[in-house]
Amino acid sequence: MEAVAMETLTVHKVLSVRPVGTRAVLAELSGTQDVLALQTLLLESPLPGQQDVLAAAQTVMVRAESPAAARRMGALLMELDLTAPVRQDGGLVYIDTVYDGEDLAEVGRLTGLGTDGVIEAHTGQVWTVAFAGFAPGFGYMVGENQVLEVPRRSSPRTAVPAGSVALAGNYSAVYPRKSPGGWQLIGRTGARMWDLDRAEPALASPGHRVRFRAVRDVVTVSPERPASEAAAAVGAGREPASGLRIVSPGLQSLIQDLGRHGHSALGVSAAGALDRASLRRANRLVGNAPSAAAIESVAGGLRVQAVGDQVLAVAGAPSALTVDSPLDAESDADADQPRQRNVPMATPFALLDGEILTLGAPEAGFRSYLAVRGGVDTAPVLGSRSTDTMSGIGPAPLAAGQVLASGDVTDSGVVGNPEIQPDFPRDGVTVLDIVPGPRADWFDEAALKSLCGQDWVVKPQSNRVGMRLDGTPLERSRQGELPSEGTVAGAIQVPPEGLPVLFLADHPITGGYPVIGVVVDHQLDLAAQVPIGGSIRFRRVPDRNSTDQTSPDQASPDKTSPDHTSQEK
């Protein structure tokens, strides 16, 4: 019988799918080529209910419009054929770098190369941007060899300077702006990695090749401005005829709407109001569309003055609302104090021209939302008016003397009826329901019990990026580094030091620390109202509709498969 030679074609498939909270799934793949193939396929032919796609080192995260859509995605992803090759072509970008980073000597010790050896290895090879993540303009670059492979820091820095050149795992990157981070810092550059005024905002996007050049000094770039600031400059000197003047912004006041979704591939997180229900309530009360921009204020102290007659409503953390009216020259001349009245929470009210509204310190909760009829009218950036404190996209934090114009984003010709607000965290412990995270198998049962068996205190370093929690550290049962992968608001990430970080709306879109659990989506509003110094207790809820799926040939008898559930309503 004549022998027939047959060529075997390797079929590339998704290896497994893990749930990430209740509205996203994480597809695991065998390498970069399959990651790019799946990303391309999903962007060209979206799955039912697909909202966003984020490629990372060995995974692709898919966000869904609902928990039901997320549950259906597991089986659909496992059926996809990723055999077709994917081409990624990009130009060559040179980045001039001063090698004087804080961790340069430590990287030299970890690699055995010494300081000069690290510089030579970093500049002596071509790096390719494999994917974007963490923050806009932050490209994960893969080198031609692995001589510079180093672990992340055991504890991330709360602030890494813009332009820092860094290493972590097999990747190199440049921090586009000041932000938290756990990478090893080896140098700095003046290159503008992200600029919304350019046709292509990212200097080095996926597919681009990069060469680092050692220099003695770098050209300092001008400070980055939010895109909306540039738009505001066009109308400088023209005060809006109708709106709100900021008398005092309090501790921090920001413009927020429901966020910018669908831009994960650019490294842009959704941002938006942390307490979405309170934003919607305030907008509903003044007759606005649910997504209209409003003011999010922290811990009271916000004071605004009406420019023209306005209709306002305040929802969120309950606090005293006081209105001071200016003196009327035709009224009692002996009056030496402005007239004052109180207005209720969650109720529409008029703020007449010149009157000043003051938000007192919250009696409970942490964040308040002030809506003006018509919405705050600022220039949208990537489809949203929200401020992203992580990336610097959107309006700058509000400042005294600034005047915000009121717009025309209304849904109704009338205002709403007063509403009853939900309970907000007071003294005591706030309980948040969680489902096991995509990397719960990096922890043993003792760590999972410790996560839910103690009260975690919110540390002062917390912000809109994430809540840093203090308590008894959690220990991993698995050593090593986790390749960076997509994550979501509500994810509970555990750095090597063992103290969890609960991601909020401005979180980096990828992370390299294992996520032990995820707060269910409908309780993120409650999490946003826990103040600094407040206490949180996590409660694990069972999942009767797990999206966890594994290819038969990838199954392992010793693999822990957590019981994932959704209590989403």
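The values are calculated or read from the model by the stated rules, or taken from the named source; none is laboratory data. Not measured: the values here are computed from a predicted model. Here Cβ is always computed from backbone atoms with ideal geometry, including for glycine, and neighbour counts include all displayed protein chains. Please note that ligands, DNA and RNA were not included when accessible areas were found on the heavy atoms of the full protein model with its side chains. Shrake-Rupley method; radii C 1.70, N 1.55, O 1.52, S 1.80 Å.
For the chain, give the percent of accessible area contributed by carbon and sulfur heavy atoms, probe 1.4 Å, rounded to a whole number. If you can, show how the numbers build up before the last one.
Details: 12190 of 24400 Å².
Looking at the chain in its full context, I get 50 percent from C and S.
Compute the accessible area per residue over the chain, keeping the other protein chains in place, probe 1.4 Å, unit Å². Each step should come with its number before you reach the end.
Working: 24400 Å² over 569 residues.
I get 43 Å² per residue for the chain.
Using a ≥ b ≥ c from the Cα gyration tensor of the range 17-120 (square roots of the eigenvalues), is it rounded, prolate or oblate, where a/c under 1.5 gives rounded and otherwise the larger of a/b and b/c decides, a/b for prolate? Write down the numbers at each step before the final one.
Numbers: a/c = 2.91, a/b = 2.17, b/c = 1.34.
Prolate.
Quick one: putting +1 on the C-beta of Lys and Arg, -1 on the C-beta of Asp and Glu, what dipole do you get for the range 370-454 around its Cα centre, in Debye to the nearest 20? Working shown, then result.
Values: 5 positive and 11 negative charges, 47 e Å.
Once rounded to the nearest 20, the dipole reads 220 debye.
For the peptides 362-374, 203-215, the ranking by packing is 362-374, 203-215, with the highest mean count of neighbouring Cβ atoms within 10 Å listed first. Relative to the longest principal axis of the Cα atoms of the chain, helix 32-44 runs at roughly 50 degrees. Label separation (Leu92 vs Gln146): 2.7 nm, computed from points 7 Å beyond Cα along the C-beta direction. Placing a pseudo-label 7 Å from each Cα along the Cα-to-Cβ vector at Thr115 and Ala379 gives an inter-label distance of 4.4 nm.
Let me know the shape class of the range 21-70, please: from the alpha-carbon gyration tensor, a ≥ b ≥ c as square roots of the eigenvalues, rounded when a/c is under 1.5, otherwise prolate if a/b is greater than b/c, or oblate.
oblate
If R0 is taken as 35 Å, the Cβ-Cβ distance between Glu363 and Leu327 corresponds to a FRET efficiency of 0.70. Placing R0 at 56 angstrom, the Cβ-Cβ distance between Ala105 and Ala241 gives a FRET efficiency of 0.40 after rounding to 0.05.
The Cα atoms of the range 447-549 give a gyration tensor whose axes a ≥ b ≥ c have a/c under 1.5, which makes the shape rounded. As a calculated quantity, the FRET efficiency between Ser248 and Arg426 at R0 = 25 Å, using C-beta atoms, amounts to about 0.45. Label-to-label distance, Ala75 versus Gln33, with points set 7 angstrom from Cα along the beta-carbon direction: 3.1 nm.
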